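As structure tokens, the structure follows; a few thoughts come after it.
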Amino acid sequence: MSYAIVGFGAVGQALAHAFARKNIDVAVASRRPPEALAPQARAIGPTVVAKSLQNAVEADTIILAVPFGEHREVAKALPNWKGKTVIDAMNLFPAPEELDGLPGSAIVAKAFAGAKLVKGFNHLIAATLATDPVVEAGHRVVFLSSEDEDAIAPVVALARQLGFAPVKLGKLNEGGALVHARGRTWGQLIFQDLFKKEQ
């Protein structure tokens with residue numbers, strides 16, 4: 001399984017730290033050319049490699065950590081996203097009006113036609129996401145939701161590999177609504193820093 005993080009701001013870098021901590025290879029890409037990201041990527045760890053967007057999206061699993069308005073540009077990088085898993089780690093501040101009451105992930109799913117879309121890693125602030133999720137009492141929780149139950153399984157495995165305790169919330173408009181930030185409407189689980197104790 002290969003991984004890429006698209007977006008190398010605070011959240012993208014926080015996730016890159018999580019991969020580096022566990023020595024898992026991950027490509028990182030943004031609007032900036034790879035050579036501009038390379039020094040920062042190297043400083044995070046040897047398993048974090050800066051690539052062009054075109055090369056990064058060759059990965060099996062792509063984590064979106066760009067500002068919400070830029071996801072459509074990323075989606076144009078491939079004509080078809082069939083066979084890919086896209087993890088939506090974005091939040092909406094503030095909410096654009098064209099959402100028609102839909103959660104942001106539903107809009108993202110339309111842009112990434114053919115992909116298996118999972119909402120995840122979005123409810124923690126970047127500074128918390130960047131710290132080691134393995135704590136004295138157990139593991140930091142990450143919430144995952146998707147319209148496709150099969151899509152969640154490999155993301156659950158990734159979250160565990162990174163040291164998090166994954167919690168499945170079901171479909172996007174059901175449990176998933178608890179982790180959506182839309183302008184002044186906040187899901188109840190946004191910014192909740194929860195831990196799951198070892199059994």
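Here, each number is a calculation from the coordinates, and none is a lab measurement. None of these values were measured; they are calculated from a predicted model. Positions of Cβ are generated from backbone atoms using ideal geometry, with glycine treated the same way; all protein chains shown enter the neighbour counts.
Charge tally for P166 (other residues, Cβ to Cβ under 11 Å; Lys, Arg +1; Asp, Glu -1): +4.
Net charge near V48, counting Lys/Arg +1 and Asp/Glu -1 over other residues with Cβ under 12 Å of its Cβ? The partial results should precede the final answer.
Working: positive: R21, K22, R42, K51; negative: D25.
My count for the surroundings of V48 gives +3.
Available extension along the chain between N173 and V134 is 11.1 nm, counting 0.36 nm per residue and deducting the alpha carbon span.
Sort the range 1-86 into rounded, prolate or oblate with this rule: let a ≥ b ≥ c be the square roots of the eigenvalues of the Cα gyration tensor; rounded if a/c is under 1.5, and if a/c is not under 1.5, prolate when a/b is larger than b/c, oblate otherwise. Taking the square roots of the gyration eigenvalues as a ≥ b ≥ c, the range 1-86 is prolate. Choose one of P39, W81, N122: the residue whose Cα lies farthest towards the positive end of the charge dipole of the range 3-130 (beta-carbon charges +1 Lys, Arg; -1 Asp, Glu; about the Cα centre). Comparing the listed Cα positions along the dipole, P39 ranks first. Among the listed pairs K82/K110; K119/K197; K168/K197; K51/K168; K76/K171, those with a Cα-Cα distance over 19 Å are K119/K197; K51/K168; K76/K171.
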